[in-house]
Amino acid sequence: MGELGERKEKILKAIIQNYLETGEPVGSRTISKYSDLNLSSATIRNEMSDLEELGYIVQPHTSSGRIPSDKGYRFYVDQLIASKDQEITEIKDLMIEKTEKMEKMLKQVVKVLANNTQYATMITAPSVQKNRVKFVQLSAVDDHQILSVVVMEGNIVKNKIIPVDEPLDNETMLKLNILLNTNLNGLTVTEINLGLITRMKEQAGIHEDIIAQVLNTVAETIKGDEELEVYTSGATNIFKYPELSDSSKASELISAFEDKQVLADMITEAAGDEETGIQVYIGKESPIQTMKDCSVVTATYELGEGVKGTIGIIGPKRMDYEKVVDNLKNLKVQLDKVMNQKED
């Protein structure tokens, strides 16, 4: 906005945000308490007078504070949507690029691990666990549709079109955005309880259905990520061990190893030691019945913000446990470094 400098923009945003939270006209003394402004009340009063002349705020009563005008709301909404659109675009581009690189890397990692250990190996792509809401953005598509964008930690993005019976004005859209973000930011799905949902719906009034649909989108964002992608290598290494090379045993093992859903179910149960992230299943301890003659060692690697994956090694009960655990520990460290390094 060409006619507003950085200082006026900050003051205008502060007025709007304060008014949306309290519903009361905002005075210069209130604005002066915003720590990042560091301006005197006199300076703020002068800037507020300029903003009033420019039509961004109005004074409803003599000697009272100011409230946003339609022009002020329009400025705030346009700025909000532009910044969130840019952030979402950047997140999507980054995640597409990282996903492609990650898939290639994980396939290579599981192959190297199979060669190093001479056992069967598997690795899952990182998935969201106990993920938290980062922010929610509602924006109008047209008079009868709203776009809901939910961004979770780990930059998982979910979009949903919500139908509405009539157009929502800027102030209503803004209040819904503030209601959603004030209540949901930083929460996991399990922390969004019935009491919170009821309170949010009450505050939304006639727009409670929009709140309900956004909450459904949050839940879908987690559920949609539950389908684990599993990469495997070294299945034929099983035949190198006499106790596993019996045709019926080998056939069962290979079949189980190729069933990605079976592996995903096993990984879901493999919580791992809290300190090392490593879990060892020996013989009948394995969650998979067909692997009762094997040992399975799994390790959890973490990318931060609740995004985790699992590495697994399957071999005979007489496997070299020390070598396997060392390989997994080293790999966990390497994966953490590679996946968390800053993009150049």
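Any residue that is over 23 Å from the mean Cα position of the chain (by Cα) and over 30 Å from Thr298 (Cα atoms) - is there at least one of those in segment 123-139?
Quick first cut of segment 123-139, residues over 23 Å from the mean Cα position of the chain (by Cα) only: none.
Scanning segment 123-139 turns up no residue that is over 23 Å from the mean Cα position of the chain (by Cα) and over 30 Å from Thr298 (Cα atoms).
Can you name the helices (runs of 4 or more DSSP H) wholly within segment 7-123 that have at least 1 residues being modelled with pLDDT under 80 and not charged (D, E, K, R)?
On the way: elements: 28-32, 41-53, 70-117.
In segment 7-123, 70-117 are the helices (runs of 4 or more DSSP H) which contain 1 or more residues that are modelled with pLDDT under 80 and not charged (D, E, K, R).
For Leu215, are the conditions met, namely being farther than 25 Å from Lys13 by Cβ and surrounded by 18 or more Cβ atoms within 10 Å (Cβ to Cβ)?
Values: farther than 25 Å from Lys13 by Cβ: yes; surrounded by 18 or more Cβ atoms within 10 Å (Cβ to Cβ): yes.
Taking the combined requirement at face value, the residue satisfies it.
Kindly evaluate Asn193 against the criterion of being out of contact with any His (no Cβ under 7 Å at 6 or more places or on another chain), in contact (Cβ under 8 Å) with a residue 12 or more places away in the chain, in the same structural domain as Gln145 (by TED's automatic domain parsing) and not β-branched (Val, Ile, Thr).
Numbers: out of contact with any His (no Cβ under 7 Å at 6 or more places or on another chain): yes; in contact (Cβ under 8 Å) with a residue 12 or more places away in the chain: no; in the same structural domain as Gln145 (by TED's automatic domain parsing): yes; not β-branched (Val, Ile, Thr): yes.
The answer is no for Asn193.
What number of residues within segment 160-188 satisfy the criterion of being under 22 Å from the mean Cα position of the chain (by Cα) and either in contact (Cβ under 8 Å) with a residue 40 or more places away in the chain or farther than 18 Å from Thr217 by Cα (or both)?
At the first step, the residues of segment 160-188 found to be under 22 Å from the mean Cα position of the chain (by Cα) are 160-162, 176-188.
When the remaining residues are screened for being either in contact (Cβ under 8 Å) with a residue 40 or more places away in the chain or farther than 18 Å from Thr217 by Cα (or both), the result is 160, 162, 177-178, 180-181, 184-188.
The qualifying residues number 11.
This table checks each residue for (1) modelled with pLDDT under 85; (2) exposed (fewer than 15 other Cβ atoms within 10 Å of the Cβ).
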residue: Leu184; (1), (2): no, no
residue: Leu196; (1), (2): no, yes
residue: Ile222; (1), (2): yes, no
residue: Glu229; (1), (2): yes, no
residue: Ala235; (1), (2): no, no
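Could you list all residues from segment 22-73 that are closer than 27 Å to Asn177 by Cα and of a type in the set (Lys, Arg)?
If the condition is that a residue be closer than 27 Å to Asn177 by Cα and of a type in the set (Lys, Arg), then Arg29, Lys33, Arg66, Lys71 are the ones that fit.
The values are calculated or read from the model by the stated rules, or taken from the named source; none is laboratory data. From a predicted model like this one, the values you see are computed outputs, not experimental measurements. Note that we place each Cβ from the backbone using ideal geometry, even for glycine, and neighbour counts take in every protein chain shown.
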